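Engineer: Before I ask anything, let me first share the structure, which is written out below as structure tokens.
The values are calculated or read from the model by the stated rules, or taken from the named source; none is laboratory data. Bear in mind the structure is a predicted one, so any value in this text is a computation, not a measurement. Cβ placement follows ideal geometry from the backbone for every residue including glycine, while neighbour counts extend to all protein chains displayed. These area figures cover heavy atoms from the full protein model, side chains too; ligands, DNA and RNA do not enter into them. Shrake-Rupley method; radii C 1.70, N 1.55, O 1.52, S 1.80 Å.
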Amino acid sequence: MTTGAAANEAARHHVGDLAEVLDNLGVFGMLADDLVAPCPSGFRRVPISQGADYYLSIQGFTSKQIAYAHTHPDSEEWVIVLSGGGEALVAESPVALGPRLIIGRAAAHPHGFLSGDDALQLLSVQLPRPSEGTTTWDQPGETTDPIDCAVAGTCRRCWRCGGHSLNVRAEVFLCENCNLEF
Ligand SMILES: [Zn+2]
Ligand SMILES: [Zn+2]
């Protein structure tokens, strides 16, 4: 049984969602570098298109930036490295990342990312879209002090996933990757 609220959430478009841009323009082309606008606080995720059965997005890291290891028991993922390098933190041994590498991850495998000396850009295909309640966070992370953000206002790193988190009200920051408010 699907609740109305869950179905609405899956179909909802967010600011920066490329599906919304496509609705307006019909056709567009853009370099991933220009789309993502990486920020030194936390890695960024820009949704391309999403529904209950899929979630396509681009992730952008500055140098030496981390996405803390976590597990989606209900979703497999394909990651294509668009540019840059670093490590995929999967299973026991990290996998070195380089342009055009494709990494497949079956559901229930923990995974994270650490960029190298250069910026790192990934195309992520998740099937189906991971449900928020089932994700486990497998690596202790930490936040950063707020900084002035090129995107808007101030931002800091999400202590749970490592994601870019904008100040949304008073002292509250919202993670654009895992939706945590802290
Ligand atoms: Zn920022
Ligand atoms: Zn987060």
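Engineer: With the other protein chains left in place, how much accessible area per residue, in square angstrom, belongs to the chain at a 1.4 angstrom probe?
Structural biologist: 52 Å²
Engineer: Using a 1.4 angstrom probe and counting only protein chains, how large is the accessible area of Phe113 in Å², to 10?
Structural biologist: Phe113 exposes around 10 Å² with every protein chain in place.
Engineer: Using a 1.4 Å probe on the protein chains only, how many percent of the accessible area of segment 70-141 belongs to carbon and sulfur?
Structural biologist: 60 percent
Engineer: By average Cβ neighbour count within 10 Å, what is the ranking of 19-29, 121-131, 166-176 from highest down?
Structural biologist: Most protected by this proxy first, the peptides run 121-131, 166-176, 19-29.
Engineer: Could you sort the peptides 32-41, 153-162, 66-75 by per-residue average Cβ neighbour count (10 Å cutoff), highest mean leading?
Structural biologist: 153-162, 66-75, 32-41
Engineer: May I pose another question? For a bin width of 5 Å, list the pair-distance distribution of segment 112-182 built from all Cα-Cα distances, rounded to whole %.
Structural biologist: So the P(r) values, bin by bin, are 3, 14, 22, 23, 21, 13, 4, 0.
Engineer: Sticking with this structure for a sec: Return the unpartnered cysteines for the chain, using a Cβ-Cβ cut-off of under 4.7 Å.
Structural biologist: Cysteines of the chain left without a disulfide-compatible partner: Cys39.
Engineer: Now for a separate question. Explain nothing, just compute: Karplus ³J(HN,Hα) = 6.51 cos²θ - 1.76 cosθ + 1.60, θ = phi - 60°, for every residue of segment 143-150 in order, whole Hz, x for Gly and Pro.
Structural biologist: 3J(HN,Hα) across segment 143-150, in whole Hz: 7, 10, 5, x, 10, 5, 10, 5.
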